[in-house]
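Contents: one structure, followed by commentary.
Just so it is clear, none of the values below were taken in a lab; they were calculated from the coordinates. As the structure is a prediction and not an experimental result, all values here were calculated from the model. Positions of Cβ are generated from backbone atoms using ideal geometry, with glycine treated the same way; all protein chains shown enter the neighbour counts.
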Amino acid sequence: MDLGDPDLYLDSGRFARWHRNAAADAVLWSEPGTSPGGFWSVFSMAACRTVLSPKAPFTSEYGMMIGFDRDHPDKAGGGMLVVADGPQHGQLRSVIMPFLSRAMAETLDEAVRQEVRGLVADAVATGSVDVAATLAPVIPASVVCRVLGVPEADRDMLIELTNHAFGGADDTFAKMSPEAAHSEMILYLADLVAARRRNPGDDLISALAGDRRLGLREVLLNCDNVLVGGNETTRHAIAGCFHALATAPGTLTRLRADPDLVGPTVEEIIRWTSPAMHVLRVATADLDLSGQRVTCGETVVAWLPAANRDPRHFDAADDFRPDRRANQHLGFGHGPHHCLGAALARLELRALLTALTELVESVAVLGEPVQLRSNLVHGYRHLRVRLEPVRP
């Protein structure tokens, strides 16, 4: 079985496979197909942590998703934060981190809460809404565009481009290839970088453009990285929030009674949805991985949703439990490439839950959720819900 086949992740059978493979601490080989050289897959919490550990003999510089390997590397390797290691990764992280930090989240908190409350109020007034296609993309796009310094008028265009950049396997986005979408974004960002070099601001594009250690290529790659990363995964956690609440009736009532539950509920949403489906690494030395010999140069894929439902690590792993404690999930990855945007993602989900507790009595899913056809993003193509207004 080629575990890179996106059709494998279109129905609920994926959960049974992940459960089975995580429980067995399986290490499985996929022959060349979606990956030109084939790859190993790991699923358990322990094995995924091992692969992503800072001390493990692996590199991300050949690429971080299925399709890349040592002989077919990502052209952005070494220049973009997610596919850089060592001093270059540290340098890029030092420039980008302040704009995605907890301090930045606190600065944005009130504006995000107000915007999200307005979006939820509009959705409640509509009655039923496809949150995956409408509400969910808008919230992270608004936040990441504020951070980057993208004009508000351009946000819808960038949402569309990020859809195509990471949704290319889904026929909804067939009119533009991922490569073409990235090229369009790079051209757009190049104009913004040039403008910021003439007139710097207090945004991330200005910080990257003004760092003399970075060439134009590195500046554009990392603007693209933040734009796509900030938009594409969080939107599916936001859509999944509605799905999760529908599976656990009474959650909003509990949150109204105990606001301290909002934090644990955010972590459980991230675990339960696991929007980042896999992370790829290439071995830099021979090693034993859960009893399987992996040789230097071979590719290993860590399946994060499988680790986040590992039955040896989580009780009732398939259930959404708002009060789950000690929730050490891998929803934001692990190790040196732990997601820099985690604080902003948590901010957006907190704002959403707060608005829902104020305005919504209950959430019901209408029809079957339609899964995105992808092996990289674990998310929703369509998710229509009905929002029952809170009782006076």
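Rounded to the nearest 500 deg cm²/dmol, what is the calculated helix-only ellipticity per residue at 222 nm for the chain, with -39500 (n - 2.57) per DSSP H run of length n ≥ 4? All intermediate terms of the calculation are to be shown ahead of the outcome.
Values: 14 runs with 180 residues, N = 392.
Helices in the chain give a 222 nm mean residue ellipticity of -14500 deg cm²/dmol.
Working out 0.36 nm times the residue gap between VAL390 and MET97, then minus their Cα-Cα distance, what length gain in nm do you get to one decimal?
Result for the pair: 101.6 nm of gain on full extension.
Please identify the longest segment of the chain free of exposed trypsin sites (Lys or Arg not before Pro), where exposed means a DSSP state other than H, G, I, E or B and no more than 13 other Cβ atoms within 10 Å.
76-174
Most exposed first by the Cβ proxy, i.e. fewest other Cβ within 10 Å, how do CYS296, CYS145, CYS223 rank?
CYS296, CYS145, CYS223
Let me check against my output: what whole-number percent is the relative contact order of the chain, with C-alpha pairs under 8 Å and at least 6 apart?
28 percent
What number comes out for the charge environment of ASP25, summing +1 per Lys or Arg and -1 per Asp or Glu over other residues with Cβ under 13 Å away?
Overall, the nearby charge balance is +1.
Would you please give the FRET efficiency between LEU8 and LYS175, computed as 1/(1 + (r/R0)^6) with r the Cβ-Cβ distance and R0 = 30 Å, to the nearest 0.05?
Values: r = 25 Å, r/R0 = 0.82.
That pair, LEU8 with LYS175, gives E of 0.75.
State to the nearest 20 debye the size of the charge dipole of region 6-389 about its Cα centre, where the only charges are +1 on K and R beta carbons and -1 on D and E beta carbons.
Result for region 6-389 is approximately 560 debye, rounded to the nearest 20.
How many nm is it between the label spots at ARG312 and ASN199, if each spot is 7 Å from the Cα in line with the beta carbon?
5.9 nm
For the pair ASP258 and ALA190, what calculated FRET efficiency results from E = 1/(1 + (r/R0)^6), where r is the Cβ-Cβ distance and R0 = 56 Å, to the nearest 0.05?
Values: r = 49 Å, r/R0 = 0.87.
The value I calculate is 0.70.
Multiply the residue separation of GLN292 and PHE15 by 0.36 nm, subtract the distance between their alpha-carbon atoms, and state the gained length in nm to one decimal.
97.4 nm
Run the Debye formula on the Cα coordinates of the chain, all scatterers equal and no solvent, and tell me log10 I(q)/I(0) at q = 0.13 1/Å.
-1.11
Roughly what % antiparallel, to the nearest 5, for the DSSP beta bridges in the chain?
Values: 26 of 30 bridges.
Close to 85 percent.
How large is ³J(HN,Hα), in whole Hz, for each residue of region 247-260 in order, when computed from phi with the Karplus curve 6.51 cos²θ - 1.76 cosθ + 1.60 and θ = phi - 60°, using x for Gly and Pro?
Along region 247-260, the couplings run 7, 10, x, x, 4, 5, 4, 5, 5, 5, 6, 9, x, 5 Hz.
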